[in-house]
Amino acid sequence: MATDWNLSPAPESTSHANIAKQYELFINGEFQKPISGKYFDTINPADETLLSSIAEAGDDDVDKAMKAAKAAHKSWSKISGKERGKYIYRIARMIQEKSREFAVIESLDGGKPIGESRDIDVPLAAAHFFYYAGWADKLDYAFPMRKPKSLGVAAQIIPWNFPLLMAAWKIAPALACGNTVVLKPAETTPLTALKLAEVIQEAGLPKGVVNIITGDGRTGAAMTAHPIPNKLAFTGSTPVGKSIYKAALEGNKKVTLELGGKAANIIFDDAPIEAAVEGIINGIYFNQGHVCCAGSRLFVQESVYEEVLAKLKKRIGNLIVGDPMDKNTDIGAINSKEQLHTINRYIEIGREEGAEIYQPECDLPTKGNWCRPTLFTNVAQSNRIAQEEIFGPVLAIQTFRTIDEVIDKANNTSYGLSAGVWTDKGSKIFQLTKALKAGVVWANTYNKFDPTSPFGGYKESGFGREGGMHGLEAYLKFTV
Ligand code: ADP
């Protein structure tokens, strides 16, 4: 993974994680028990041990959190941008200071390799808070003549693949723009959002400015149906995204949706092949393929197909699958039994569709949720494995002869989130970045993220942009 945000030395011991036996709901600046008294378990997907008991927010708790956020908005939206920026900056600093603990907890709860949590998720989360802290007092400069104003309360629902990072993507710009927040992490990965709640409490944010509540889809649905939020922000699956869109229409709320993807990575015969192979590996196997912009389709120009395939097979044979806490691990645990089942079902579908499977031999732990890196050749454009999002370490490979052919094939999907192009020719890059219907097109790199860059999709991948200045617009209204 390409990133410039490395911060801390290697965490390797779980003793760095201070995980409580039970977590409550963070509402109005305090940790509160759920009114129903209900809790659910969060499990380590690598060894199936219980990590903690998590409060389940019912409708009454959602209502409390929304009211707290609404009350807090009155003063939060009126304090100066400079003051808001200081609070946001403080959160960024505290994430940095606790980066080791955040990284360990993220890997324990989600199954991702510790090297990724440490080098990517946590530093990039801090970077988002730093970046948006800087915007808080510059909104009038960012949008001259348009008189930007906060929207009010933002209800934010995030998925389980990048829990802390997604919380940062959502919370930081919302606060910078003067909104208050009710955020819900996914039910399989609530722990880093709850640690973030502790940080927010310690940072002394005014009560109710950020509320973090936990629960499953029912809690999420109660949040989106609630009359208070003025804005719904969602990252997750396309079917749930569609239901949130309906809720936004019914409630007349502003909405941004960052949904699924089926990204094409395209290798031309003039590409730097070694770098391209690394990019393909990173594109699909990073974070077990639990990435909405995963490069899950590979198109290779026919003349270099055999060479690329041989190199890919060799490379995936060297990937280390196993203990997320081992800093040499490349592929950690699949996040949940349900997700493992979905991935395995797609692997069966690929075989049934007549595609040819390749998986390297590797010893997998006896407990936990594991999937070997998988690639399919002999894939037809109409195959389900070439059309549907799998959200796992499964690559579908096709070939092409001409640039027009690959543009057609790459765009022949219901999604439009991201794509990658590998070529030595700048002219091809320009042609493809225009022709590919994708929100982000990487050239000779992949999975490169930065708080300054907008991110978001077209078609079934959703709409609205997060990151950069575009990420501010999503949390503002303009009076002119
Ligand atoms: P996945 O299918 O990969 O688990 P989801 O889209 O179901 O992804 O989950 C993403 C987030 O959306 C999670 O926080 C989840 O609890 C939440 N969620 C699930 N169903 C709903 C719903 N109907 N309304 C609002 N939020 C939901």
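How much length is gained if the chain between A142 and A380 is pulled fully straight, taking 0.36 nm per residue apart and subtracting their Cα-Cα distance, in nm to one decimal? All intermediate terms of the calculation are to be shown ahead of the outcome.
On the way: separation 238, 0.36 × 238 = 85.68 nm, distance 4.68 nm.
That pair, A142 and A380, stretches by 81.0 nm at full extension.
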* List every residue whose amide H lies under 5 Å from the amide H of L417, counting only residues 5 or more places away in sequence or on a different chain, with H placed 1.01 Å from N in the peptide plane. => K262, G439, Y458
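If a/c stays under 1.5 just call it rounded; otherwise compare a/b with b/c (prolate if a/b is bigger, oblate if not). Do that for segment 333-480, with a ≥ b ≥ c from the square roots of the Cα gyration tensor eigenvalues. The partial results should precede the final answer.
Working: a/c = 2.10, a/b = 1.37, b/c = 1.53.
Cα axes put segment 333-480 in the oblate bin.
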* Heavy-atom accessible area per residue - the chain, 1.4 Å, Å² -> 38 Å²
* Entries in K64/K195; K21/K262; K21/K82; K86/K149 that, when Cα-Cα distance is taken, lie over 28 Å -> K21/K262; K21/K82
* **Nitroxide proxy distance, nm - points 7 Å out along Cα→Cβ at Q387 and E302** => 2.5 nm
* To do: Quote the relative contact order of the chain in percent (integer), defining contacts as alpha-carbon pairs under 8 Å separated by 6+ residues.
  => 18 percent
* Listed residues F430, F376, F449 arranged by accessible area, highest first, probe 1.4 Å -> F430, F449, F376
* Might you work out the accessible area of L183 for me, using a 1.4 Å probe with all protein chains in place, and round it to the nearest 10 Å²? => 0 Å²
* **Shape category assigned to segment 77-231 from the gyration tensor of Cα positions, a/c cut at 1.5** => oblate
* In Å², nearest 10: area of E473 left accessible to a 1.4 Å probe -> 70 Å²
* **Three-way shape call for segment 164-231 based on the alpha-carbon gyration tensor, with the a/c threshold at 1.5** => oblate
* Asked: So if we plug the beta-carbon distance of I320 and D47 into 1/(1 + (r/R0)^6) with R0 = 25 Å, what FRET efficiency do we get, rounded to 0.05?
  -> 0.90
* Structure fact -> For the chain, the longest principal axis of the Cα atoms and the Cα long axis of helix 305-317 enclose an angle in degrees, to the nearest 10, of 60 degrees
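If you put +1 on each Lys and Arg Cβ and -1 on each Asp and Glu Cβ, how big is the dipole of segment 1-160 around its Cα centre, in Debye rounded to 20? Kindly include the intermediate steps, with their values, before the conclusion.
Values: 21 positive and 22 negative charges, 252 e Å.
Using Cβ point charges on Lys, Arg, Asp and Glu, segment 1-160 gives about 1220 debye.
May I ask which of K246/K437; K311/K367; K38/K184 have a Cα-Cα span longer than 19 Å here? Mind showing how you got there, number by number?
Values: K246/K437 25 Å; K311/K367 31 Å; K38/K184 16 Å.
Long pairs (Cα-Cα over 19 Å): K246/K437; K311/K367.
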* **Distance from segment 49-70 to segment 220-291 (C-alpha centre basis), Å** => 24 Å
* Structure fact -> On the accessible surface of the chain, probed at 1.4 Å with all protein chains in place, carbon and sulfur together account for a percent value of 51 percent
* Asked: In whole Å, how far is the Cα centre of segment 126-167 from that of segment 391-432?
  -> 32 Å
* What's the angle, to the nearest 10 degrees (0 to 90), between helix 238-251's Cα axis and the longest principal axis of the chain? -> 30 degrees
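The values are calculated or read from the model by the stated rules, or taken from the named source; none is laboratory data. Everything numeric in this text was worked out from a predicted model, so none of it was measured. No Cβ is skipped: glycine too gets one built from the backbone with ideal geometry, and neighbour counts run over all protein chains shown. Quick note on the areas: whole protein, heavy atoms, side chains included, nothing else; ligands and nucleic acids left out. Shrake-Rupley method; radii C 1.70, N 1.55, O 1.52, S 1.80 Å.
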